[in-house]
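The values are calculated or read from the model by the stated rules, or taken from the named source; none is laboratory data. What you are looking at is a predicted structure, and each value in this text was computed from that prediction instead of being measured. Positions of Cβ are backbone-derived with ideal geometry, glycine not excepted, and every protein chain shown enters the neighbour counts. What goes into the accessible areas is simple: the full protein's heavy atoms, side chains included, and nothing from ligands, DNA or RNA. Shrake-Rupley method; radii C 1.70, N 1.55, O 1.52, S 1.80 Å.
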Amino acid sequence: MPRIALVTARAARDTDYDMPPLLTALRGAGAEALEVDWDDDAIDWSGFDLALLRSTWDYFERLPEFLDWAARVADRTRLVNPLPVLRWNTDKHYLAELARAGVPVVPSTFLEPDDDVAAILDVILNTHPDAQDFVVKPVVGAGSRDAQRHARGDRSGIIAHARRLLDARRSVLLQPYLERVDEHGETALLFFDGEFSHAIRKGPLLKRGEGPTTGLYAEETIESRTPSADELAIAQRALTAIPFAKPLLYARVDLIRDDDGFPRLLELELVEPSVFTLHAEGVAERFARAIAQRASST
């Protein structure tokens with residue numbers, strides 16, 4: 001009987017809706033599964049056959065501490081996804097790497113603390129003359145925290161938002177807001193052990209004039225969705241381009257459509273993504289089988 005830790009955060013307990021069905025499914029698959037907090041010093045991680053990151057949704061506020069913890073756990077048990085994947089995926093600079101590999105990514109410009117924000121913004125505005133809005137978000141972040149949509153004409157607001165993050169020594173991602181998301185939403189495609197499982201639609205999160213969320217994560221509108229052939233193709237391209245051994249135990253690919261209707265990668269979620277067990281039949285059981293098999297393998 002494999003012993004599996006489903007790793008969460010104190011602040012996320014009772015908000016991770018995937019946790020109860022996944023615990024039940026793992027126990028049904030013959031595993032001993034426990035919900036544990038990542039920063040609980042009383043946990044003996046060597047007592048688990050596998051530690052599965054599920055809802056460590058405060059990691060970005062304590063990233064060095066989180067990655068140090070992950071390194072210690074990886075020395076004591078099998079951590080999934082693996083430590084090199086966590087280090088890569090917790091910093092959105094990975095989008096530039098995927099773009100260089102030919103994955104169609106939402107156009108992204110990275111700002112670093114010592115950059116001339118105003119000068120770079122002028123270049124971006126000229127590069128995207130039809131974009132009516134722009135999104136400013138931290139390169140290390142989750143749950144839409146500190147992300148905000150700004151009108152094109154709000155140049156001072158864009159600069160102030162970026163500067164606030166940069167002054168805190170946080171790199172910034174600046175993207176044109178692709179307006180088709182208001183109608184079409186996002187498509188999130190879930191893969192377990194490299195196999196497509198299901199997809200959901202997320203409604204638009206960022207509204208013009210609204211400040212960033214102050215909660216652990218922004219509230220989402222979720223419904224089931226059947227992905228199109230082009231969405232499945234782009235998702236597979238993104239997963240193929242990951243510079244690590246494959247298949248990963250779990251992956252979520254978030255796509256939105258550009259002004260021409262083509263899917264583009266918004267984010268690749270390989271650390272602690274919601275997997276939306278309640279929005280398709282058999283999700284928890286499929287995921288549990290993949291987890292238990294990984295935990296039992298050498």
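Values as computed for the structure displayed
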| item | result |
| --- | --- |
| Options 147, 101, 119; residue that is modelled with pLDDT under 95 and more than 19 Å from residue 257 (Cα to Cα) | 147 |
| Check on residue 36, on the phi < 0 side of the Ramachandran plot and surrounded by fewer than 22 Cβ atoms within 10 Å (Cβ to Cβ) | yes |
| Check on residue 20, within 22 Å of residue 278 (Cβ to Cβ), open to solvent by 10 Å² or more (accessible area, probe 1.4 Å), in a helix (DSSP H, G or I) and modelled with pLDDT of 95 or more | yes |
| For residue 91: the one exception among (1) open to solvent by less than 40 Å² (accessible area, probe 1.4 Å); (2) in contact (Cβ under 8 Å) with a residue 40 or more places away in the chain | (1) |
| Helices (runs of 4 or more DSSP H) completely within segment 82-186 that count 2 or more residues being of a type in the set (D, E, K, R) | 94-100, 155-167, 180-184 |
| Residue within segment 152-164 that is surrounded by fewer than 20 Cβ atoms within 10 Å (Cβ to Cβ), on the phi < 0 side of the Ramachandran plot, among the basic types (Lys, Arg) and at pLDDT below 95 present | no |
| So residue 86, is it more than 28 Å from residue 234 (Cβ to Cβ) and open to solvent by less than 20 Å² (accessible area, probe 1.4 Å) | no |
| Residue in segment 125-145 that is closer than 30 Å to residue 242 by Cβ and without any contact (Cβ under 8 Å) to a residue 24 or more places away in the chain present | yes |
| Every residue from segment 48-76 that is part of a loop (DSSP other than H, G, I, E, B), touching a residue at least 60 places away in the same chain (Cβ under 8 Å) and more than 23 Å from residue 147 (Cβ to Cβ) | 49 |
| Count - residues of segment 40-62 that are buried (at least 16 other Cβ atoms within 10 Å of the Cβ) and either aliphatic (A, V, I, L, M) or over 19 Å from the mean Cα position of the chain (by Cα) (or both) | 8 |
